[in-house]
Amino acid sequence: MDGMTRTPFDVDAIRADFPILASEHRGRKLVFLDSGASAQKPRQVIQAMVRCMESAYANVHRGAYHLSEQATADYEAARAAVARFINAPSEADIIITANSTMAMNLVAHSFGRGVLKPGQAVVASEMEHHANLVPWQMLRDGHGTELRICRITDAGELDLDHLAELLADGRVGLVAVTHMSNVLGTVTPAAQIARMAHEAGAKVLFDGSQAAVHRRVDVQAIDADFYAFTGHKLYGPTGIGVLYAKAALQRAMPPFMGGGDMIASVGLHHSVWAEPPAKFEAGTPPIIEAIGLHEAIRYVEAIGMPAIEAHERALVDHAMAVLPGIEGLRILGAAQDRGGVFAFALDNAHSHDLSTLLDRAGIAVRAGRHCAEPLHERLGAENGTCRASFGLYTTAGEIDFLAEALTSARRFFA
Amino acid sequence: MFDDLRDLYQEVILDHGRRPRNFRRLENATHHARGDNPLCGDKMDLWLAFGDDGAIADAAFQGRGCAISMASASLMTETVRGKSPTQARQLGEAFRQLAMTGRCPACEAVLAEDMERLSPLSGVHEFPSRVKCATLAWHTLNNALDDSGQEARSE
């Protein structure tokens, strides 16, 4: 693509950009419905990373030679692209991490231990990915903060009345919740949550691992203090994640890891930290991955996030028209605002048996509890669920094929 | 659509998966262990009651899991009855080989009849991610025989 917006949304042309979608597995065409775990990569991203390694690669922020200066400029251009992508005020607000898990652990260590005081509380919710729950349990055990869990409704939406109760005593220092559930597809009202948190004197962190892929994120409009997402779900490479953190918070936070790149000067006994965001980026960063992520952002922006959102909304509507008609199929959650993620269970098949069958049909779905064990307990789905998650290359025909396979699977186990 | 999966999900498996035998708590148990497969959430409790002759007089289990893990546990409780601890462990070792390779070259003639009963599960060897479903019950059996009080993990 040349940066021109492609209109109308041409899913066939998009699919042609993804080499793996043309591949066959055991003689069957791949129906990839596991983009929520990790998305496939377009040729543009693959080629940009190869180009970087073949002709523009050196370590960054170190060499005084031309190749290193060029690599540094390319790496920093990726940071700037990330900042524009989520409408951050400045590229200095963007910390590059390894993935969203590391981004949230960075907040737990630096903000949690360095800024929050023992006795203050962190609020997470019942529908968090383990990556936005376990760090707060660890912080509680190691630092003496309290962990409060916000309930969800039976429809799978955040219970905002309960959130208000949890915030009422003014002791909450951080609200850490998902912007879109990786199991239920629920999109949470981020701006409202941030307003509630701020009025109670708390900061707010959004786990945007799913949301950033499916719709336009504007961290200033929702007034996020922290926003985490990852490259590999956004059609980019593994090994790179992003933490947006407001500049004032970055200044108040101590470093996360120590090492090269995060220092201004080092003595044998004492060192001076670099300015943010370098302060939080110890060691050689994911350079090739940053080039890949930059290209992935270019790719989705050329299509347009609103167009991607509209395409996925149509897929969700189609799935909601087709799937509930399947006898014995339970779809978890019924949120008003939901993205292209569906967890479901058949009444007569365990999630692992079902995924083995679907795999045989060429359909890749995730089975189990999707790193959200407490949520499955909460919704009475202890045997796990299968999860179909859509990407910009997903078609309505693939959803029809899933429906057909589910109907056959139920007969198989009858 | 799924006819070629009948090798994995033979009628015996589906039957034992739906209606596992010996699916109960054993009140007079002498040995107990809990098995857990954290990756997929399968859990089971296994109880053994030994007779005066030193052999397993009764075996029973409760738990939740996929058809493969439930059927494997069900067939196991039927197969180990009357076995000494040594025989039961031998059978478990032979079964793990069968589940991982589809073959059991080490199966001696004395195990042949029991392995025949377990053979419907041999199809799992073609599904690497499902082998652990079939072997969880047997890992749990080893722990029950030790009665070490530890959880078995079929990882």
Residue hits (region A:346-369; at pLDDT 90 or above, touching a helix residue (DSSP H, G or I) at 6+ places or on another chain (Cβ under 7 Å) and of a type in the set (D, E, K, R)) are A:Asp353, A:Arg360
Selection count, region B:21-78, where residues are charged (D, E, K, R) and closer than 27 Å to A:Ser355 by Cα: 7
Consider A:Lys29 carefully, then state whether it is touching a residue at least 60 places away in the same chain (Cβ under 8 Å), crowded, with 19+ Cβ neighbours inside 10 Å and among the basic types (Lys, Arg). no
Only listed residue being surrounded by 17 or more Cβ atoms within 10 Å (Cβ to Cβ), farther than 18 Å from B:Asp114 by Cα, touching a Gly at 6+ places or on another chain (Cβ under 8 Å) and of a type in the set (Asp, Glu), chosen from B:Asp45, B:Asp7: B:Asp45
Screening A:Ala48, A:Ala73, A:Ala39, A:Ala83 for residues that are within 17 Å of A:Pro237 (Cβ to Cβ), among the small types (Gly, Ala, Ser) and in a helix (DSSP H, G or I) leaves only A:Ala48
Okay, helices (runs of 4 or more DSSP H) sitting entirely in region B:38-155 with 1 or more residues that are out of contact with any helix residue (DSSP H, G or I) (no Cβ under 9 Å at 6 or more places or on another chain) and more than 14 Å from chain A (Cβ to nearest Cβ), I get B:85-101, B:109-118, B:131-146
Within region A:387-408, can one find any residue that is touching a Cys at 6+ places or on another chain (Cβ under 7 Å) and of a type outside the set (Val, Ile, Thr)? no
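Table: residues versus (1) at pLDDT 95 or above; (2) among the small types (Gly, Ala, Ser); (3) under 30 Å from A:Tyr393 (Cβ atoms); (4) not assigned by TED's automatic domain parsing to the domain that holds A:Asp17.
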site: A:Gly231; (1), (2), (3), (4): yes, yes, yes, yes
site: A:Ala252; (1), (2), (3), (4): yes, yes, no, yes
site: A:Pro286; (1), (2), (3), (4): yes, no, yes, yes
site: A:Ile291; (1), (2), (3), (4): yes, no, yes, yes
Inspect all residues belonging to region A:47-64 and state whether any of them is in contact with a strand residue (DSSP E or B) (Cβ under 9 Å, 6 or more places away or on another chain) and assigned by TED's automatic domain parsing to the domain that holds A:Ala274. no
In region B:1-13, anything within 15 Å of the chain's Cα centre (by Cα) and closer than 15 Å to A:Ala349 by Cβ is listed as B:Ile13
Restrict the check to region A:17-26 and report whether at least one residue is at pLDDT 95 or above, surrounded by 21 or more Cβ atoms within 10 Å (Cβ to Cβ), over 30 Å from A:Asp223 (Cβ atoms) and not assigned by TED's automatic domain parsing to the domain that holds A:Val217. yes
Which is closer than 30 Å to A:Ala48 by Cα and either modelled with pLDDT of 90 or more or in the same structural domain as A:Glu404 (by TED's automatic domain parsing) (or both), of A:Ala372, A:Ala343, A:Ala302? A:Ala302
Test B:Arg64 against the criterion of being farther than 24 Å from A:Phe412 by Cβ and basic (Lys, Arg), and give yes or no. no
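The values are calculated or read from the model by the stated rules, or taken from the named source; none is laboratory data. Just so it is clear, the model here is predicted, and its values are computed rather than measured. Ideal geometry is used to build each Cβ from the backbone, glycine not excepted, and the neighbour counts take in all protein chains shown.
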